[in-house]
Each structure stands twice: as structure tokens, then as C-alpha cells.
Amino acid sequence: STYRPLWSYLYRMVREHELSNDLAQESYFRFLKAERSAEKPGADRAYLFTIATNLVRDHWRSGKVHGEWVEAEQSDDFDDSAEQLPLQIDLAAAMEKLTLMHRSLLWLCYVEGYTHAETAAIVGVETGSVRVLLSRARKRLAGICREAGIVKERE
């Protein structure tokens, strides 16, 4: 099933439950409406994530940003064990401080497991740029986590 991973990806980008639901529904609608030929396995899933990424970009460009924070404890995709919850909330807040491109790249590569080529196609950059952009995203996220005290400086 692709709904849960797609919704989780969208939620990480927009941080709103209802908006994530709406964008997921619109992504599926556009995917089903598109005339596509049979391609290699996994291409449909990547195309669905491409549609979702473009919808998120359109949303941010349109100025319809609500900025509403939804408490992390209410999200179904968090591990609710007592020792993990504070770290997950902190990491979610840190991810929110990243640019949309950085969040997208980190999520697609490390959570969804897409290759650099697949990720490049989804977010609309050159394949060779993904490695550099991912490196910048990881460094930025690490800096945010250090500033917030989530992780300590290496000695």
C-alpha cells in the first residue's frame, strides 16, 4: 500500500493532518487521471510521490500556508514509547526548520529508500545534485539538532 508512506511524507512537508489528507487525495486523483504507459517496477510509486511533491510546492507558492502546529503526540506514525517520544518530537521540530527541498530529500532517501536517481526525478533536480543537496541537508539538520541540544558535539 502506498497511502500510509505518501501521507507520512506529506505530513512531514506540511505538518497539518487535514492538509496532508487533502494533498494525498489530490495526488491519487491526479495519478489516476494521468495517462501513463507501463514502466519499470516502482515507477508508479515514484510518479505518485512526484505529484505529491509538486502539490506541496504549489501549496507553499500559493500563500495558503496556515502554519498550524499539530502536536506530535497525536500523529499515528510516532513510536509512543516513553523514552522515544521526546526525541521524536525534538527531531520533528528540527526537520520543520529545514527547507522543503531538504526535508523532501531526507525523507525520500532515508525513509522511503529511493535511490538518488529516483529522488532526483521526484523533486526535479539533476541526479548528480542529490548527493550534494543531501550532504547539505544532513549538515543543516545536524546543526539544528546540536543547537537544540538533541545531539552533542563530537569530541
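Being assigned to a helix (DSSP H, G or I) and either touching a His at 6+ places or on another chain (Cβ under 9 Å) or at pLDDT below 70 (or both) is true for just one of LEU55, LEU134, LEU105. Which residue is that? Walk me through it before giving the result.
On the way: LEU55 fails: either touching a His at 6+ places or on another chain (Cβ under 9 Å) or at pLDDT below 70 (or both); LEU105 fails: either touching a His at 6+ places or on another chain (Cβ under 9 Å) or at pLDDT below 70 (or both).
Step by step, each of LEU55, LEU134, LEU105 is checked, and only LEU134 is assigned to a helix (DSSP H, G or I) and either touching a His at 6+ places or on another chain (Cβ under 9 Å) or at pLDDT below 70 (or both).
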Filtered residue count, the stretch 134-148, keeping only those that are surrounded by fewer than 13 Cβ atoms within 10 Å (Cβ to Cβ) and closer than 15 Å to TRP107 by Cβ: 0
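The values are calculated or read from the model by the stated rules, or taken from the named source; none is laboratory data. As the structure is a computational prediction, the values presented were derived from the model and not from experiment. Don't worry about glycine lacking a Cβ; one is built from the backbone with ideal geometry, like all the others, and counts go over all protein chains shown.
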